[in-house]
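Colleague: Would you mind keeping the following structure in view while I ask a few things?
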Amino acid sequence: MATSPSPSPPPAAGASPVVLSPEAAAAAVAVIAAAAATRVDGAAAAAAAAAGTPPPPSPLLTSAEKSALRSLAGTRERAKLLVDVRMAGTTPSAAFMTVLTQSLGAHELVKVRTGVSKKAAAKALGQGLAAAVGGQVVQVMGHTVLLWRAKGKERGRGIDLAKLVAGRTR
């Protein structure tokens, strides 16, 4: 028995839905990585950019660390302390990448609202953004991506993941 797909909700007033094909999403990821390769803070990132390689990624996150970061993001959001960066359109501009890089350097945990309407496209875009800035995707919620990047020793203290995870397991 064939079922018809459920209708999509109507777009918000004045908004037009953006649908990316897998090929377009892959192209967007490539554009993001190329545009942001020289915009990452830190000596290692600058050396990598000079050598023409992508910036070094943050260490891979365990599921416990991701859970702790999601909890911290919720706490920060309720306290109006979570940085919320909005991206116009489906391809990030150089100015957007600069703001994202600076926000991650200062706060480590940033919520990015993308201009895509499908979660799969937001996930691909989030992975591209994370690769471009040397960070990790913590969570994808609809068109919103939560990104984390370790501050690094040259930038001072940051989020202590071990302490954060240990505090949640008591």
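Colleague: Spot the failing condition for Lys151; the list is (1) out of contact with any Asp or Glu (no Cβ under 7 Å at 6 or more places or on another chain); (2) open to solvent by 40 Å² or more (accessible area, probe 1.4 Å); (3) not β-branched (Val, Ile, Thr), and only one is missed.
Modeller: Against the list (1) out of contact with any Asp or Glu (no Cβ under 7 Å at 6 or more places or on another chain); (2) open to solvent by 40 Å² or more (accessible area, probe 1.4 Å); (3) not β-branched (Val, Ile, Thr), Lys151 comes up short only on (1).
Colleague: Oh, and also: Of all residues in segment 41-83, how many are modelled with pLDDT under 60 and open to solvent by less than 40 Å² (accessible area, probe 1.4 Å)?
Modeller: 5
Colleague: Failed condition for Gly105, given (1) under 15 Å from the mean Cα position of the chain (by Cα); (2) under 13 Å from Trp148 (Cβ atoms); (3) at pLDDT 90 or above, with all others met?
Modeller: Result: Gly105 fails condition (3) only.
Colleague: Ok, one more. Within segment 126-144, can you find the residues that are over 8 Å from the mean Cα position of the chain (by Cα), more than 15 Å from Leu69 (Cα to Cα) and aliphatic (A, V, I, L, M)?
Modeller: Listed by number, the residues that qualify are Ala131, Ala132, Val133.
Colleague: When Ala27 is evaluated against the numbered criteria (1) surrounded by fewer than 18 Cβ atoms within 10 Å (Cβ to Cβ); (2) modelled with pLDDT under 85; (3) touching a helix residue (DSSP H, G or I) at 6+ places or on another chain (Cβ under 9 Å); (4) not in a loop (DSSP other than H, G, I, E, B), which criterion, by number, is the only one it fails?
Modeller: Against the list (1) surrounded by fewer than 18 Cβ atoms within 10 Å (Cβ to Cβ); (2) modelled with pLDDT under 85; (3) touching a helix residue (DSSP H, G or I) at 6+ places or on another chain (Cβ under 9 Å); (4) not in a loop (DSSP other than H, G, I, E, B), Ala27 comes up short only on (3).
Colleague: Filter segment 112-142 down to residues that are open to solvent by less than 20 Å² (accessible area, probe 1.4 Å) and either charged (D, E, K, R) or part of a loop (DSSP other than H, G, I, E, B) (or both) and give me whichever is farthest from Leu61 (Cα to Cα).
Modeller: Across segment 112-142, the extreme among qualifying residues is Val116.
The values are calculated or read from the model by the stated rules, or taken from the named source; none is laboratory data. Nothing here was measured: the structure is a model prediction, and the numbers come from that model. Counting neighbours? That spans all protein chains shown, and the Cβs are built from the backbone with ideal geometry, glycine included. These accessible areas exclude ligands, DNA and RNA; they are computed on the full protein's heavy atoms, side chains included. Shrake-Rupley method; radii C 1.70, N 1.55, O 1.52, S 1.80 Å.
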